[in-house]
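**Student:** Questions regarding the structure given below will be posed in turn.
We did not get these values from a lab; they are worked out from the coordinates using the rules stated. Since the model is a prediction, treat every value here as computed from it, not as a measurement. Neighbour counts run over all protein chains shown; Cβ positions are idealised from the backbone, glycine included.
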2 protein chains.
Amino acid sequence: MAVETSDIGLLLKAAFDRYHHETLQRVRRAGFADVTPAQALVIAHLSDTPKNAVSIAMRVGVSKQAMSVTTTELTRKGYVTLSPDPTDRRARLLALSGRGRALKQASGQAKQAVEAQFATLLAEHDTVVVMDALRALAAAPEPEQVG
Amino acid sequence: MAVETSDIGLLLKAAFDRYHHETLQRVRRAGFADVTPAQALVIAHLSDTPKNAVSIAMRVGVSKQAMSVTTTELTRKGYVTLSPDPTDRRARLLALSGRGRALKQASGQAKQAVEAQFATLLAEHDTVVVMDALRALAAAPEPEQVG
DNA sequence: TGATATAGTCAATATAGTTGACTATATCGA
DNA sequence: TCGATATAGTCAACTATATTGACTATATCA
C-alpha cells in the first residue's frame, strides 16, 4: 500500500495494517500458524488473572457473541482453558494454558522486534510523543452530538 | 474500549477504530447512510482523475477481486461511474459521480472535525511528529526475512 | 504471430462482526 | 422471600470484507 497521503485516517490504517501484518507473520513463523488476528487480539488482553468472556469483550471492543466464538476457538486450539467462576455460576473464567502463555510470549517478542524497527525511524523523544498521542486519540471522549 | 495499555499495536488499533468510527458516524449523519467502511476507503482514494480498479486496489491494499465487489456496490449506489478506458479495452475507469463528490466532501469535513478534536489534545509540533511517524511506520520497508 | 502478462469477473471459502432470541443465574427492592 | 430485572453465555441468521483459483478478453513483448 503506497502512502503519500496526509490523511491521518489513511495513515492510521496503513500503520496499523503494517504493524499487524508484520507481528502476525512473526508469530506464525514462531510456531503458531493457526492463530487468527482476532484470536491474537484476545490473547493480548489476557493476563495471569483469569477473566470472564464479557469483561474481555468490553476491553477488546466486540459483542459478547463475537467473543463467545473466539473463546470457543481458542479453547479448541488449546490456547485457553475455561473454569467455573466460584463467585458466579453463569460465568466461565478464561485463563491462558501453557501453550497460550507461550503464544503470548512469542507475540510479545514479535511486537518488540517490530517496535525496534519502528524505533530506528524515530528519535526516542518522538516515540514517546507518538505513544502519548495514540493513547490520547484512542481514549478521547465522545464529542458532543453534532447531528 | 478501555486503553490503559502501552502496547503500540493495541494503541494503533484503538486509535484507528476510534477515528474511523467517529468519521463514519459523521458521514452517515450527513446523509450518506448507505456507505460502508470499505466503500468509504475507496472513495478516499478517488480523485478527479479517473483510475482503473486494479490501480485503486493496489493503493487500498486489497485484491482486485475485493475491489471488483466494492466497485459494483459503489456504482449501484450511485457514487461512482464507470467508463471505458480509451487506451485499454480491458479496463474501466472509475470516476466520482456528483453524489460521489458530495460524499467525498462530506467525508473530508468529517475528518477535519475529528482531527480538530485530535489537535486539541496535542501541541502543533507534536501533531507534525505523529503524522511523520505514522507515515514512516506505514511505509517502512519489509525487514530482512527472519525465519 | 505466439507466449505471456494484465484487467476484470465469478465462484467458493474464511474471518469477523452484528442483532435477536433464548436459558440460567444474580441481584435488587418491596 | 419473592418477583422484576439485569447479566453471562450460547445459538442462529445475517452482513461485510477479505482471500484464492479459474476464467475471458485484451495487451504487450520478442
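**Student:** Can we say A:T81 is more than 11 Å from DNA strand D (Cβ to nearest atom), farther than 30 Å from B:L137 by Cβ and of a type in the set (V, I, T)? Lay out the reasoning, then the answer.
**Tutor:** Numbers: more than 11 Å from DNA strand D (Cβ to nearest atom): yes; farther than 30 Å from B:L137 by Cβ: yes; of a type in the set (V, I, T): yes.
Judged against the criteria, A:T81 is a match.
**Student:** Here's a check for you: in the stretch A:63-109, which residue that is β-branched (V, I, T) and surrounded by fewer than 18 Cβ atoms within 10 Å (Cβ to Cβ) is nearest to B:A15 (Cα to Cα)? Explain how you work it out, then say what you get.
**Tutor:** Here is the first cut: in the stretch A:63-109, the residues β-branched (V, I, T) are A:69-72, A:75, A:80-81, A:87.
This time we only want the ones that are surrounded by fewer than 18 Cβ atoms within 10 Å (Cβ to Cβ), so: A:69, A:72, A:75, A:81, A:87.
Details: A:V69: 25, A:T72: 28, A:T75: 29, A:T81: 30, A:T87: 35 Å.
Result: A:V69.
**Student:** Can I ask one more? Every residue in the stretch B:20-52 that is buried (at least 20 other Cβ atoms within 10 Å of the Cβ) and within 12 Å of DNA strand C (Cβ to nearest atom), please.
**Tutor:** Result: no residue meets the conditions.
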